[in-house]
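Asker: I have a structure I would like to understand better, so I am pasting it below and will then ask my questions one at a time.
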Amino acid sequence: FLQTMLSISERAWKESIEPRMQKVRLGHIDSESTKKGTDFFTEADTESERVIREAIIAKYSENTFRIFGEESGEYIGNLDAEMTIRIDPIDGTEAFKFGKANWSIMIGAYQGRDALEQQFVSVVYWPEYYNQVLFSLDRAGVFIGNVATGAVMEIDQLDNQDALGEIIVAFYKHSNL
């Protein structure tokens with residue numbers, strides 16, 4: 001399942017995002033593409049979500065999962081399923097639009113429903129600058145891999161981060177929509 005999520009992420013990059021990258025970066029942001037504030041969606045977002053959804057359905061059938069896409073804002077598939085796939089086809093569309101390195105393709109799989117829902121596998125793929133993938137497997141750990149070399153490293157568990165004394169906050173706001 002993890003391998004499928006990794007390959008689907010790479011497919012979304014190559015088929016949906018990379019071919020539209022220059023158009024998105026050079027294009028104008030119109031009011032219809034604005035979701036809220038400076039958050040917006042592009043043709044690359046919607047196409048990437050479509051490719052991911054269709055690949056999941058083709059591999060596992062439409063009856064296996066409840067699938068939620070951030071761009072469509074709706075669930076498809078088996079709405080009664082105990083497993084949910086959540087897709088953010090371009091997490092950080094603003095960063096993507098303006099050529100910043102901190103955007104990714106995110107896919108997560110969850111078991112259970114509502115307050116009992118728990119993530120059991122996730123993939124975060126940074127294709128453009130880093131060519132790295134962060135993935136987690138419940139009870140196995142969190143790993144980061146280089147897509148080009150295949151090198152994988154486990155990320156050690158962090159201590160609880162529940163104090164605000166030494167917090168570092170960074171953000172970027174593009175103020176000229």
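None of the figures in this text is laboratory data; all of them are computed from the coordinates on show. Since we're looking at a predicted model, the values are computed, not measured. So basically every Cβ, Gly included, is an ideal-geometry build from the backbone, and we count neighbours across all protein chains shown.
Asker: Would you please name the chymotrypsin sites (Phe, Trp or Tyr not before Pro) within the stretch 55-125 that are DSSP coil residues with at most 16 other C-beta atoms within 10 Å of their C-beta?
Answerer: Working: sites: 60, 65, 68, 75, 96, 98, 103, 110, 120, 125; in loops: 65, 98, 103.
Answer in residue order: 98.
Asker: A follow-up question, please. How much length is gained on full extension from residue 54 to residue 131, taking 0.36 nm per residue of separation minus their Cα-Cα distance?
Answerer: 25.4 nm
Asker: Ok, one more. Which pairs break 23 Å Cα to Cα here: 59/97; 23/59; 14/97? Can you show the working numbers first?
Answerer: Values: 59/97 31 Å; 23/59 31 Å; 14/97 17 Å.
Beyond 23 Å: 59/97; 23/59.
Asker: Placing +1 at every Lys and Arg Cβ and -1 at every Asp and Glu Cβ, with all other atoms neutral, what dipole size does the stretch 1-143 have around its Cα centre, in debye to the nearest 20? Present the calculation step by step, with values, prior to reporting the outcome.
Answerer: Numbers: 16 positive and 24 negative charges, 73 e Å.
About 360 debye.
Asker: Also, quick follow-up: How much net charge surrounds residue 143 when only other residues with a Cβ under 15 Å from its Cβ are counted (Lys, Arg +1; Asp, Glu -1)? Please list the in-between numbers first.
Answerer: Working: positive: 139; negative: 138, 154, 156.
Spelling it out: positives minus negatives among the neighbours equals -2.
Asker: Next question. Name the GluC sites (Glu not before Pro) in the stretch 33-139 that are in a loop by DSSP and that have at most 10 other C-beta atoms within 10 Å, would you? The partial results should precede the final answer.
Answerer: Working: sites: 43, 47, 49, 54, 62, 70, 71, 74, 82, 94, 117, 128; in loops: 62, 70, 71, 82, 117, 128.
For GluC sites (Glu not before Pro) across the stretch 33-139 that sit outside H, G, I, E and B with at most 10 neighbouring Cβ atoms in 10 Å, the list is empty.
Asker: Right, next: With the cut-off at 1.5 for a/c, could you classify the stretch 47-159 from its C-alpha gyration tensor as rounded, prolate or oblate? Kindly include the intermediate steps, with their values, before the conclusion.
Answerer: On the way: a/c = 1.86, a/b = 1.27, b/c = 1.47.
Taking the square roots of the gyration eigenvalues as a ≥ b ≥ c, the stretch 47-159 is oblate.
Asker: With a/c under 1.5 counting as rounded, go ahead and sort the stretch 112-164 into rounded, prolate or oblate using the C-alpha gyration tensor (a ≥ b ≥ c being the square roots of the eigenvalues; past the cut-off, prolate if a/b is larger than b/c, else oblate).
Answerer: Working: a/c = 2.03, a/b = 1.50, b/c = 1.36.
Prolate shape, in that a/c is at least 1.5 and a/b is the bigger ratio.
Asker: Here is a follow-up. For residue 127, what is the net charge nearby, where nearby means another residue's Cβ is under 10 Å from its Cβ and Lys, Arg count +1, Asp, Glu -1?
Answerer: On the way: positive: 14; negative: 10, 18, 128.
Around residue 127, the charge tally is -2.
Asker: Under 1.5 on a/c is rounded, so check that first for the stretch 48-92, then, if it is not, pick prolate when a/b is larger than b/c and oblate when it is not; a ≥ b ≥ c are the square roots of the alpha carbon gyration tensor eigenvalues. Intermediate results must be reported in sequence, preceding the final value.
Answerer: Details: a/c = 2.31, a/b = 1.46, b/c = 1.58.
Because a/c hits 1.5 or more and a/b fails to exceed b/c, the stretch 48-92 counts as oblate.
Asker: The stretch 138-160 to the stretch 45-88: how many Å between their Cα centroids?
Answerer: Between the Cα centres of the stretch 138-160 and the stretch 45-88 lies a distance of 25 Å.
Asker: I've got another one for you. Along the charge dipole of the stretch 77-145, Cβ charges K/R +1 and D/E -1, which of 125, 106, 85 sits furthest on the positive end?
Answerer: Sorting the options by dipole projection puts first 125.
Asker: Test of understanding: what is the full-extension gain from residue 155 to residue 62, defined as 0.36 nm times their sequence separation minus their Cα-Cα distance? Mind dumping the intermediate values first?
Answerer: Working: separation 93, 0.36 × 93 = 33.48 nm, distance 3.40 nm.
In short, 30.1 nm is gained.
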